[in-house]
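Novice: The structure under discussion is supplied below as structure tokens; questions concerning it will follow.
The values are calculated or read from the model by the stated rules, or taken from the named source; none is laboratory data. Please read all numbers here as calculations on a predicted model, not as lab measurements. Please note: Cβ atoms are built from the backbone with ideal geometry, for glycine as well, and neighbour counts cover all protein chains shown.
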Amino acid sequence: MTPSVPLSLVSILLLSLASSETVDPSDLTNRNADFAARLYRAVSSRTDDNVFLSAFTLSAALSALLTTTGGPTQDQLLRGLGLTGLDPQTLPDLFQNLRTVVPQGSVAMNLRQGVAILPSQSFKVPPSYLDLVQTKFGGNAQSLTYTVAQEAIDTINRWAQDQTGNQVRDLVTDLDPQTQLLLATAASYQTRFSPSFNSSLTQDERFYVDRYHVVMVPMMFRADKYFLAYDRSVKVGVLKLPMADGTAMLVVLPDEDVDITSVEEEVTAEKIQAWIRQLKKTKLEVQLPRFLLERSYSLRDVLQTLNITQVFQDDADIINMGGAKGPKLTQVYHKSVVSVDESGGDITPGGGTNVFSTLPPRLTINRPFIFIIYQQMTGSVLFMGRVIDPTKK
């Protein structure tokens, strides 16, 4: 097997969509992509920095919580996640099935993941619910003593490290002693680009953060046949970089005179699917910067901009074991890391070199870009991010 570029992601790979009826898979894909795009736009609009997140992290955690809610709280969660009309009780089984999908001919995903639902000590987690979260969502549910804040912080951070093979550290740095319910998510995901880049061809090149700021970055290189599209309405080029486990990365590069924020306003489920459909194979030289992003988010405010508010209110209809009304959701923590480099190299003869009789066009990713990682078989969006400055986390 040709070695290829390792890609480490610290985030969760999730899909939590289901129905008691037979549902068109493309409908589920579109619902998931819609939530991913809305979440990405909400986060990216709040910062000028690099962005990286997994909508699946949030979908899984909230879907696991969804099974304990009722009334307006449950209805609003369904709407916010784009799952209106689906049966919440079937979400766990469908999520478990989709979480373990491995496309034929692909290597299994090297994924370490965790979803934690953590109520305060006054709300005991019943064994039946603990089993549901563990078996269907690959997660954890336990009560914590938030009044002893440092002890709770240490417990959560040890859990995150255990779940991700020490890849996620310091998921939580401070806690409100009055916390009633916390959602925490983390994962370590590793895959490889296929075809790969060759580390011997990497060289420092300019990356134009903006018109006044230029940085030097290690730029990876490969000449091969790639899938490429151009969207004239948004003025972006779209490059597909396949991975060995059946996923792929879309690199969305705005034209030189186009601000990335104007492109982000146009990123929707329909737009992502249109880009995928328009991809056509072409000979191409590709230069892609190495980058390492480490992003942490407290998502309560972001979720409220997506009209998920009721679950955070004092009258939230979250049912505790025994039928009593449980705690309101206090905060949602999300931490993700992506590292893209060419460790492992390319040892095939001529690997990564120009093997064409005539020079193909070159696509150099040397200015801010958006990237989207999705399952090729289903089209489901797994991760979204943007690189403003590859030299910064």
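Novice: So which of ASP176, ASP154 ends up being modelled with pLDDT of 95 or more and charged (D, E, K, R)?
Specialist: That would be ASP154, the only listed residue that is modelled with pLDDT of 95 or more and charged (D, E, K, R).
Novice: Scan region 190-208 for residues that are touching a Lys or Arg at 6+ places or on another chain (Cβ under 8 Å) and surrounded by fewer than 17 Cβ atoms within 10 Å (Cβ to Cβ) and report the count.
Specialist: The initial filter retains those residues of region 190-208 that are touching a Lys or Arg at 6+ places or on another chain (Cβ under 8 Å), namely 195-198, 201-202, 207-208.
Filter once more, so that each one left must be surrounded by fewer than 17 Cβ atoms within 10 Å (Cβ to Cβ): 208.
Total satisfying the criteria: 1.
Novice: Considering region 231-259 alone, what residues qualify as being farther than 17 Å from MET384 by Cβ, touching a Ser or Thr at 6+ places or on another chain (Cβ under 6 Å) and part of a strand (DSSP E or B)?
Specialist: PRO242
Novice: Please verify whether region 247-269 includes one or more residues that are crowded, with 19+ Cβ neighbours inside 10 Å, modelled with pLDDT of 95 or more and touching an Asp or Glu at 6+ places or on another chain (Cβ under 8 Å).
Specialist: So far as region 247-269 goes, no, none of its residues is crowded, with 19+ Cβ neighbours inside 10 Å, modelled with pLDDT of 95 or more and touching an Asp or Glu at 6+ places or on another chain (Cβ under 8 Å).
Novice: Here's another thing I want to ask about it. Is one or more of the residues making up region 284-304 part of a helix (DSSP H, G or I), within 18 Å of the chain's Cα centre (by Cα) and either hydroxyl-bearing (Ser, Thr, Tyr) or within 27 Å of PHE197 (Cβ to Cβ) (or both)?
Specialist: No: zero hits.
Novice: Would you call GLN180 in the same structural domain as LEU58 (by TED's automatic domain parsing), under 23 Å from THR68 (Cβ atoms), touching a residue at least 60 places away in the same chain (Cβ under 8 Å) and polar (S, T, N, Q)? Explain how you work it out, then say what you get.
Specialist: On the way: in the same structural domain as LEU58 (by TED's automatic domain parsing): yes; under 23 Å from THR68 (Cβ atoms): yes; touching a residue at least 60 places away in the same chain (Cβ under 8 Å): yes; polar (S, T, N, Q): yes.
Spelling it out, GLN180 is indeed in the same structural domain as LEU58 (by TED's automatic domain parsing), under 23 Å from THR68 (Cβ atoms), touching a residue at least 60 places away in the same chain (Cβ under 8 Å) and polar (S, T, N, Q).
Novice: For the list (1) closer than 21 Å to THR68 by Cβ; (2) in a loop (DSSP other than H, G, I, E, B); (3) of a type in the set (Gly, Ala, Ser), I need the number of the one condition that SER128 fails.
Specialist: (2)
Novice: Let me ask something additional. Restricting to region 163-180, what's the tally of residues that are more than 19 Å from the chain's Cα centre (by Cα) and hydroxyl-bearing (Ser, Thr, Tyr)?
Specialist: Final tally of qualifying residues: 2.
Novice: Could you check region 138-170 and list, in sequence order, the residues that are in a helix (DSSP H, G or I), of a type in the set (S, T, N, Q) and within 23 Å of ALA64 (Cα to Cα)?
Specialist: Once the filter is applied, which keeps residues that are in a helix (DSSP H, G or I), of a type in the set (S, T, N, Q) and within 23 Å of ALA64 (Cα to Cα), region 138-170 yields THR155, ASN157, GLN161, GLN163.
Novice: How many residues, within region 89-133, are under 20 Å from THR155 (Cα atoms), of a type in the set (D, E, K, R) and at pLDDT below 80?
Specialist: Matching residues across region 89-133 total 1.
Novice: Out of LEU299, LEU303, LEU292, I need the residue that is in contact with a strand residue (DSSP E or B) (Cβ under 9 Å, 6 or more places away or on another chain), farther than 29 Å from LEU77 by Cβ and either not assigned by TED's automatic domain parsing to the domain that holds GLY70 or not hydroxyl-bearing (Ser, Thr, Tyr) (or both). Which one?
Specialist: LEU292
Novice: Consider ASP314 carefully, then state whether it is surrounded by fewer than 17 Cβ atoms within 10 Å (Cβ to Cβ), in a loop (DSSP other than H, G, I, E, B) and either over 25 Å from the mean Cα position of the chain (by Cα) or modelled with pLDDT of 80 or more (or both).
Specialist: For ASP314, the condition - surrounded by fewer than 17 Cβ atoms within 10 Å (Cβ to Cβ), in a loop (DSSP other than H, G, I, E, B) and either over 25 Å from the mean Cα position of the chain (by Cα) or modelled with pLDDT of 80 or more (or both) - is met.
Novice: I've got another one for you. Are any of the residues in region 59-80 within 17 Å of the chain's Cα centre (by Cα) and modelled with pLDDT under 65?
Specialist: No, the conditions are met nowhere in region 59-80.
Novice: Further question on the same structure: Which one of the conditions (1) at pLDDT 90 or above; (2) surrounded by fewer than 21 Cβ atoms within 10 Å (Cβ to Cβ) does ALA36 fail to meet, given that it meets all the rest?
Specialist: So the condition that ALA36 fails would be (2).
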